[in-house]
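A short worksheet on the structure shown next.
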Amino acid sequence: MTTTIIGYPRIGTHRELKFAVQKYFKHEITADELGQTAAELRHQNWQTISDAGIDQLVSNDFSYYDTTLDAATLFNIVPKRYKALHLSPLDEYFAQARGYQGEKGDTTALSMKKWFNTNYHYLVPEFEDDTDVKLVGTKIFDEYQEAKDQGYQTRPVLLGPYTLLQLGAYEDNKKAPDFTQAVVSAYEEVFSKLAGLGAEWIQLDEPSLVKDQSEADLELFTDLYKPLLSNKHGLKVLAQTYFGDVRDSYDLLTSLDFDGLGLDFHEGDESLDLIQKQGFPDDEVLYAGVINGKNVWKANYDEKLNLIHKLPKTNIVLSTSCSLLHVPYTLENEPQLDEKYKKYLAFAKEKLTELTDLDHILGGSGEDALKANEALFAKPRYQENQAIIDKVASLKESDFHREPSFKERAEIQKKEFDLPELPTTTIGSFPQTREVRRNRAKYKRGEITKKQYDQFNRDMIKQCVEFQEKIGLDVLVHGEYERNDMVEYFGEKLDGFLFTSNAWVQSYGTRCVKPPIIWGDVSRNQPITVAESVYAQSLTDKPMKGMLTGPVTILNWSFPREDISKKETTLQIALAIQAEALDLEKHGIKIIQIDEAALREKLPLRKSDWYSRYLDWAIPAFRLVGSKVKPTTQIHTHMCYSEFGDIIDAIDDMDADVISFEASRADLTLLDTLQEDHFKTHVGPGVYDIHSPRIPSESEVAGTIHKILKKVPLNNVWINPDCGLKTRGTKETTASLENVVAATKQVRKEL
Ligand code: MET
């Protein structure tokens with residue numbers, strides 16, 4: 001059999017790309033130097049994958065920021081406001097990714113959204129009526145040629161035309177189908193050029209196919225691929241899907257003239273069924289995504305072999321279920337992690353070996369690998385915590401409901417806090433400056449004592465509180481200096497988690513996260529946040545928000561167990577966070593924010609599964625955390641990239657007192673869904689985009705507040721940035737927050 005992968009991480013085994021790009025942003029290195037680092041990383045990847053024995057390599061899975069943006073740029077889908085800046089191609093690319101503020105102009109970034117059901121984010125291609133879709137870039141050809149020059153024949157990867165159009169935002173009158181013809185010509189030109197360079201295959205990623213498909217969707221797909229596949233220029237075309245199955249389009253896919261079809265056998269519940277019931281074309285290659293590309297657990301070879309034996313006998317390429325972008329590079333970077341854990345884990349590099357192991361076993365030469373794997377799975381992995389299991393089992397309906405009702409609480413809390421109209425606050429974290437990170441690094445390396453470490457953070461908290469008082473924010477935060485990451489921090493203090501040192505996964509652009517691994521049953525055996533919150537509250541008379549990460553987010557931003565359900569694990573975490581919330585309350589903290597940044601992101605891709613497979617347990621799990629606090633205690637929550645217009649009832653059903661969410665980068669469109677009276681929760685739609693370094697002016701923020709007030713009743717509105725400020729610099733944060741408070745005060749006067 002043949003082996004391949006869909007894509008590989010690109011940020012660098014030690015995040016070299018992140019650091020180089022950041023240096024480029026700060027003008028510390030040139031574009032050429034950045035290009036050098038990028039080329040080295042690509043070279044390393046090809047070498048690693050080839051050395052592991054993978055038969056078919058890919059190219060163009062590399063990106064300086066995001067591959068969707070790469071595809072848009074390749075095809076000239078660049079809004080006018082960026083072209084008007086007259087920047088170099090690289091700078092224009094970065095301007096779209098993160099906004100631009102400088103001598104050539106001032107413009108915001110493209111919208112950024114979660115990539116399907118992952119914590120990766122893509123930049124939304126923006127189509128204007130006069131967008132002239134045509135091939136203008138060379139990246140895909142350059143990288144193909146670069147690999148070839150190094151002796152690697154690769155299969156270039158490109159976002160498929162259908163998903164490109166489906167992910168697009170249409171600013172004017174024209175919609176996706178209006179661009180069909182131009183898109184077809186542009187892709188055809190890519191085929192022709194690649195064929196000319198000697199490429200044999202191209203991989204077109206079409207993950208949009210795993211969502212519910214309407215007739216119109218399938219028509220668009222047909223209109224794109226019928227002409228395109230009739231003119232392949234000798235190139236073989238692989239339609240690659242992932243994150244689910246293609247039950248709505250399987251017939252269509254197999255009837256079109258593709259040369260290969262990539263299916264996900266991990267998340268694609270019906271993939272096997274589709275093949276078994278409807279057959280698979282003899283003249284097509286099945287790219288079988290058998291190794292889970294999203295989680296870090298070692299594969300059970302017997303299960304995988306079982307699956308593979310059920311697939312058609314010929315023409316199979318063994319692959320991963322999705323790009324390995326979503327897992328860390330390698331366990332080799334985790335020398336401190338005990339072998340007793342490591343033997344159960346497989347990161348990207350180790351997954352390459354799993355593919356070749358399976359290939360060898362099928363070819364009759366992998367006896368030892370199979371035996372070792374069988375031995376591993378023959379014994380239970382660890383000891384369960386029976387007390388926690390029992391506690392979850394004995395939860396009653398009433399444990400998931402808070403008394404009294406929202407309305408009564410709102411009255412009680414109004415008196416309790418006596419806040420001005422349009423109360424101002426922030427989402428929690430303040431800039432994690434170099435000093436903050438250095439303090440943590442020093443402590444981790446044992447260069448300073450715990451006492452010194454804590455003292456530094458206390459000094460930071462003090463400064464932070466003073467700053468917030470000075471500029472006149474109403475509800476304060478302590479700044480989260482003690483937290484490296486909002487999930488890792490909690491994981492480290494709870495039982496049941498495993499930690500890594502270098503297991504970074506790209507979240508967006510230069511931002512990486514290091515998700516903890518849920519190893520066992522989760523429980524809380526010590527206070528987590530109480531000391532910092534209590535100290536911060538002691539410095540001010542204004543309310544200090546306690547800051548917790550919610551159970552659904554902790555689960556979604558960790559690598560979950562696969563031996564028990566996500567629901568079970570989430571309820572375990574919810575009980576632990578509930579204990580923390582009660583502890584905060586006991587120590588005088590009156591406002592508690594339970595962040596559910598990642599709640600939306602794991603919504604099943606098919607609508608019919610939303611409630612039954614997710615929200616029906618995720619929302620109650622959130623409620624469980626806050627269900628036992630006093631009526632005077634105000635529960636806030638925060639959510640990211642909140643395209644939650646369509647689950648607005650579920651969001652209201654979280655029964656938080658206040659919800660803040662990211663809205664600015666989605667043009668505040670979400671507000672439309674809050675217009676109707678049926679959304680009771682008070683809301684803080686972010687008034688500026690913190691993912692970009694640009695500073696919103698006072699009048700800009702005031703304008704946004706007015707827009708909000710046109711849609712949401714004054715009494716329900718809070719004013720805040722659209723997310724935590726940890727990734728920002730101090731200067732821009734100070735200026736932005738000053739403008740936010742000043743704008744709010746100005747609007748209050750106008751009321
Ligand atoms: N409280 C967290 C912070 O401010 C929430 C972040 S959501 C990604 O960083």
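Every number here is computed from the coordinates shown, using simple stated rules; none is lab data. Just so we're clear, the structure is a prediction, and the values are computed from it rather than from any experiment. Virtual Cβ from ideal backbone geometry, glycine too; neighbours counted across all protein chains shown.
Listing for the model above:
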{"quantity": "Area projected by the alpha carbon convex hull of region 91-188, averaged over all directions, nm²", "calculated": "8.5 nm²"}
{"quantity": "Gain on full stretching of the segment that runs from ILE389 to GLU200 - 0.36 nm per residue minus C-alpha separation", "calculated": "62.7 nm"}
{"quantity": "Net charge of Cβ neighbours under 15 Å - reference THR353; Lys, Arg +1; Asp, Glu -1", "calculated": "-2"}
{"quantity": "Taking all pairs of distinct alpha-carbon atoms in region 15-174, Kirkwood radius in angstrom", "calculated": "16.9 Å"}
{"quantity": "Gap separating the Cα centres of region 339-365 and region 592-634, nearest whole Å", "calculated": "36 Å"}
{"quantity": "Built amide H within the under 5 Å cut-off of CYS512, gap 5+", "calculated": "SER507"}
{"quantity": "³J(HN,Hα), Karplus 6.51/-1.76/1.60, whole Hz, each residue of region 595-612, x for Gly, Pro", "calculated": "5, 10, 3, 9, 4, 5, 5, 9, 4, x, 6, 9, 4, 4, 9, 3, 7, 4"}
{"quantity": "For region 410-487: Kirkwood Rh in Å [reciprocal of mean 1/r, alpha carbons]", "calculated": "14.3 Å"}
{"quantity": "Mean-position separation - Cα centroids, region 39-113 and region 486-514, in angstrom", "calculated": "25 Å"}
{"quantity": "Reciprocal mean inverse distance between Cα atoms of region 625-751 - Kirkwood radius, Å", "calculated": "15.1 Å"}
{"quantity": "By average C-beta atoms within 10 angstrom, highest first, the peptides 653-660, 316-323, 384-391, 496-503", "calculated": "316-323, 653-660, 496-503, 384-391"}
{"quantity": "For ASP205, residues with placed amide H under 5 Å, excluding near neighbours", "calculated": "LEU158, LEU159, GLY160, GLN240"}
{"quantity": "Shape of region 381-536, Cα gyration tensor, a/c cut at 1.5", "calculated": "oblate"}
{"quantity": "Between region 203-264 and region 441-469, the alpha-carbon center distance in angstrom", "calculated": "54 Å"}
{"quantity": "The chain: relative contact order as a whole-number percent, Cα under 8 Å and 6+ apart", "calculated": "12 percent"}
{"quantity": "Debye log10 I(q)/I(0) for region 275-369, one point scatterer per Cα, at q = 0.18 Å⁻¹", "calculated": "-0.87"}
{"quantity": "Sum of -39500 (n - 2.57) over DSSP H runs of 4+, divided by residues of the chain (222 nm, nearest 500)", "calculated": "-12500 deg cm²/dmol"}
{"quantity": "Cα pair count fraction exceeding 12 Å, expressed as % - region 1-44", "calculated": "62 percent"}
{"quantity": "Radius of gyration and maximum dimension Dmax of region 237-315, Cα, Å", "calculated": "12.3, 36"}
{"quantity": "Rounded to whole Å, sorted largest first: equivalent-ellipsoid semi-axes of region 564-639, Cα gyration tensor", "calculated": "26, 13, 9"}
{"quantity": "Positive minus negative residues near VAL78 (Lys, Arg vs Asp, Glu; Cβ under 13 Å)", "calculated": "-4"}
{"quantity": "Antiparallel DSSP beta bridges within the chain, as percent of all bridges there, nearest 5", "calculated": "20 percent"}
{"quantity": "Under 5 Å, built H, 5+ apart or other chain: amide partners of VAL317", "calculated": "LEU286, TYR287, ALA288"}
{"quantity": "For q = 0.11, 0.21 Å⁻¹, Debye-computed log10 I/I(0) when each Cα of region 310-464 counts as one equal scatterer", "calculated": "-0.96, -1.29"}
{"quantity": "Karplus-derived 3J(HN,Hα), 6.51/-1.76/1.60, for each residue of region 377-389, Hz, glycine and proline x", "calculated": "7, 6, 10, x, 6, 7, 7, 7, 9, 4, 4, 5, 4"}
{"quantity": "HN-Hα J in Hz across region 355-369 - Karplus 6.51, -1.76, 1.60, θ = phi - 60°, x for Gly and Pro", "calculated": "5, 6, 4, 4, 4, 5, 4, 5, x, x, 10, x, 3, 5, 4"}
{"quantity": "Region 482-590 - Rg (one decimal) and Dmax (whole number), Cα, Å", "calculated": "14.8, 48"}
{"quantity": "12 Å beta-carbon shell around TYR341, net charge (K/R +1, D/E -1)", "calculated": "+2"}
{"quantity": "Radius of gyration and maximum dimension Dmax of region 550-709, Cα, Å", "calculated": "16.5, 53"}
{"quantity": "Cα pair count fraction exceeding 52 Å, expressed as % - the chain", "calculated": "10 percent"}
{"quantity": "Kirkwood-based shape ratio for region 161-283, expressed as Rg/Rh from alpha carbons", "calculated": "0.97"}
